[in-house]
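Let me begin by presenting the structure, written as structure tokens, before commenting on it.
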Amino acid sequence: MRSSLAALLCLGCSELQSPPVPAIPAVPAVAPVRAGIQPPMAAAPSLPLSPLIPPPDHEQADLDVENDGLVAPPAPIDDCELRLERASISARAAQLPFKTEKAARGARAEVIACGAEQVVTYLGGPAKIRYNSPPLLTCRLALALARFEELAQEQAALHLGRRITRFTHMGTYSCRKMVRFDFVSEHSYANAIDIKELSLEGGRRVSVKKHFGAPDAEPQTPEARFLRSLSRRAFDERLFSVVLTPYWDNLHSDHFHLDLARYRVDGTR
């Protein structure tokens, strides 16, 4: 079973000669953040950790520079259900069987493999934010999304004076390659989510398309300051490996792309 699965997975894995070089900033090696310690900014020195502090229940950006050229389904994590429970995440087990699909790029056709070994249907986290439809996510991404929700609530209170009640996402799983790069998207493993809009208490809505503002100009509104601060903190505090916003390209002019790839991409500046 394992050997046949590995053979199938290699169809969808990409051993890149190098990741998308213009996109990936140099990131210093930082010790993984442990539970009970506020995640430092990317440039901050790592904090001394007590051996008595338990391993983190959350996942975070992959900081291992040795695997930046690997694009493949994320490895399962131990005690997924227990970690979700400890993080106050409501979810139900789901399945995303590995499969192959034909992918066309110009005149070239090839076969890629999609799917993931450990996925859940995300029903809600401690921040009490609803979704337009329950996201299908890897367990790793579910844990990261719950942390993102709490960060979003903090930033919304600071910049907008209201709590967030709902996120509108554009999808998680999609078996395909990236549009701009010749390797498999993290969406192919349900290891990414695209968020385009949020609703606040009282019914007010904030969307990336309407409120992010021109990337080459300073933010002029509370909504723009909120969106930029939220996206930058999500990357700097290592909630996700990849955060893409309208700064990145026109394809992301209307949403935030968040994922847990093995490489890192800062699309927030």
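Hey, does the range 235-253 have a residue that's small (G, A, S) and either out of contact with any helix residue (DSSP H, G or I) (no Cβ under 9 Å at 6 or more places or on another chain) or farther than 22 Å from T138 by Cα (or both)?
There is at least one residue in the range 235-253 that is small (G, A, S) and either out of contact with any helix residue (DSSP H, G or I) (no Cβ under 9 Å at 6 or more places or on another chain) or farther than 22 Å from T138 by Cα (or both).
Looking only at the range 198-209, count how many residues are under 17 Å from L251 (Cβ atoms) and surrounded by fewer than 21 Cβ atoms within 10 Å (Cβ to Cβ).
Result for the range 198-209: 2.
If T245 satisfies all but one of (1) out of contact with any Ser or Thr (no Cβ under 6 Å at 6 or more places or on another chain); (2) modelled with pLDDT of 95 or more, what's the number of the condition it fails?
(1)
State yes or no: is L251 closer than 28 Å to D64 by Cβ, of a type in the set (A, V, I, L, M) and modelled with pLDDT under 95?
yes
Report yes if L123 is out of contact with any helix residue (DSSP H, G or I) (no Cβ under 6 Å at 6 or more places or on another chain), buried (at least 20 other Cβ atoms within 10 Å of the Cβ) and modelled with pLDDT of 95 or more, otherwise no.
So L123 fails the test.
Looking only at the range 93-107, which residues are at pLDDT below 70 and surrounded by fewer than 16 Cβ atoms within 10 Å (Cβ to Cβ)?
Those that are at pLDDT below 70 and surrounded by fewer than 16 Cβ atoms within 10 Å (Cβ to Cβ): A104, R105, G106, A107.
The values are calculated or read from the model by the stated rules, or taken from the named source; none is laboratory data. These numbers come from a predicted model, not from an experiment. Neighbour counts run over all protein chains shown; Cβ positions are idealised from the backbone, glycine included.
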